[in-house]
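Nothing in this text is a laboratory measurement; each read-out follows from the coordinates by a stated rule. Values in this document were obtained by computation on a predicted structure and should not be read as measured data. Cβ placement follows ideal geometry from the backbone for every residue including glycine, while neighbour counts extend to all protein chains displayed.
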Amino acid sequence: MAAETQYWVAFSLIRGIGAVRFRRLLSEFGSLQEAWQASPKALAQTGLSSKLVENILAIRQQVDLDQLWEKIQKLGIKVLTWQDTSYPQRLKEIDQPPPVLYIKGELIDQDELAVAVVGTRRVTHYGRQVAQEIASGLAQNGVTVVSGLARGVDAIAHAAALDNGGRTLAILGCGVDRIYPSENRPLAQRILHQGALISDYPPGTAPDSTNFPPRNRIISGLSLAVVIVEAGEKSGALITASFAADQGRDVFAVPGNIHAPQSIGTNRLIQKGAYPFVSVADLLETLDIVMVSRQTDARKMLPADATEAKLMKALTTQPIHVDELAQIVELPVAQVSSTLTILELKGYVRSLGGMNYVAVHEDGGEYYIENA
C-alpha cells in the first residue's frame, strides 16, 4: 500500500490539485499511480488545465518519490489518505475533505470525541481565563481539544488540555515539520505525546498567509462543535465558524464586552444564531456527549459480574419493568435497580422511564443477548 500512497503524496505537492481533482483522477485512471504515469494528453483529457499538466510534468522531473517517501519516514510522519481506514471518519464526511493528511504524533479513536477551541491571537485576560476554563473542562471530560497552534487562544487551549491530562490536536498551515510560530515549538513537542500535529500540506511547506484559512476547515471538520473564545471583526476564527456552520457543526461563542474589539466577532455570531457559551457542562449537555464520556470511563471497569450477566440475558428489545425483571432473575429489586444504573452508565441498557428498561447495542440500537 505504501507504493500507492507515494503517488497520493506526489499529487499533494501540486498546487491546484485538491479534493475535486483527486476524485477526477481516481475516476479516470483507477489509481493515482496510473495518473502519475499518464501522458500529457491523457491528463489534459481529464479536464486539467494546460498549466496544471505542466506543473505535474515539472514535479515528475524534480521529485524522486522513493527519496521523498524515505524522508517522510525518517521524520516520523504518518500519511493518511481517503483509502485508509484510520482516516478520521468525521473529517471524511465534510465537503471536499483533504485527500492526504500528514501526521506527527498519534490519532486515536478517542479523538472522534473532539471540540475545537479557537480565537484571536490578541487575547485579553478575560479571553485567556475562559479559554483555559473551556479546554481544561473538555480535557477533564475526555474530550479532545482541537485548535490551530497559533498565538493567543489556540496556544492557551492546547496547553490547558495538556495540563489537565487531556488530548489535543494542532492543525497547521504549514508542513508538520515546520512549526509556526517558532515560540510554540516546545508546545508542539508536548502535543506529540498527548495528541498530534496535523496538516494537509506536504512536509517542508513554509507557513504562508494563504495557507491558514483553508486549514480551518480541518479544525472544524474534525470536531463535533467549535467554540470561538474571542474574535475581532475580521478574525480568522470567524472563518472557522463559517466552515463549521457549512459542515453542520454547532458553533458556540463566548459573550464579551460590547466595547471590546476582541468581542465584536463573537457577539455578532451570537446575534446570528450561535450558541452563547455559558459553561463546559452546558456545552457537553447541548452536544449530548456527557453520557458518552462517562461511558468511555465506565467501560474500563472490571468485567461484568454474575448479576450484570443475569440482567443482560433477561433484557430484550421489549421494555420490561424493574419489578418483573427482579422476578425473572430472582434477585432483590434494590440489587437489580442499582445494577441497572451501572449498566446504563456503561451504555449497555437504556431506561425508557417508569422503571422500564431495554438492552442496547454499543451503537445505540436495541438488541437481545442470547448468550450473556
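Odds and ends about this structure:
- The distance from the alpha carbon centre of region 7-38 to that of region 147-209 is 28 Å, rounded to a whole number.
- Cα-based reach from Lys71 at 22 Å (exclusive), listing lysines while leaving out same-chain residues under 8 positions away: Lys104
- The order of the peptides 330-337, 111-118 by mean Cβ neighbours within 10 Å, most packed first, is 111-118, 330-337.
- Share of alpha-carbon pairs per 5 Å distance bin for region 301-359, given as whole %: 4, 20, 38, 27, 9, 2
- Cα shape, region 7-89, gyration tensor, a/c 1.5 rule: oblate
- Degrees, to the nearest 10: 65-74 long Cα axis against longest axis of the chain: 50 degrees
- Normalised contact order of region 104-294, rounded percent, pairs of Cα under 8 Å and 6 or more residues apart: 22 percent
- Using just its DSSP H runs of length 4 or more, each adding -39500 (n - 2.57), the chain gives a mean residue ellipticity at 222 nm of -13500 deg cm²/dmol after division by all residues.
- Nearest 10 degrees, 0 to 90: helix 50-62 Cα axis against the chain principal axis: 90 degrees
- Computed about its Cα centre, the charge dipole of the chain is approximately 1500 debye, with only Lys, Arg, Asp and Glu carrying charge at their Cβ.
- Shape analysis of region 11-59 places it in the rounded category; the axes a ≥ b ≥ c from the Cα gyration tensor give an a/c below 1.5.
- Here the alpha carbons of region 104-294 define both size measures, Rg and Dmax, at 14.9, 42 Å.
- Relative to the longest principal axis of the Cα atoms of the chain, the long axis of helix 2-12 lies at roughly 60 degrees.
- Distant-in-sequence amide contacts of Val227, defined by a placed amide H-H separation under 5 Å and a gap of 5 or more residues or a different chain, comprise Ala116, Val117, Val118, Phe252.
- Each Cα pair under 8 Å and six or more residues apart adds its separation to the average, and for the chain the resulting relative contact order is 12 percent.
- Exceeding the 23 Å Cα-Cα cut-off - candidates Lys310/Lys346; Lys41/Lys92; Lys41/Lys78: Lys41/Lys92; Lys41/Lys78
- For the chain, share of DSSP beta bridges that run antiparallel, in % to the nearest 5: 45 percent
- Per-peptide average of other Cβ atoms within 10 Å, ordering 196-204, 43-51 highest first: 196-204, 43-51
- A simple packing score, the average count of other Cβ atoms within 10 Å per residue, orders the peptides 351-357, 281-287 as 281-287, 351-357, with the highest score first.
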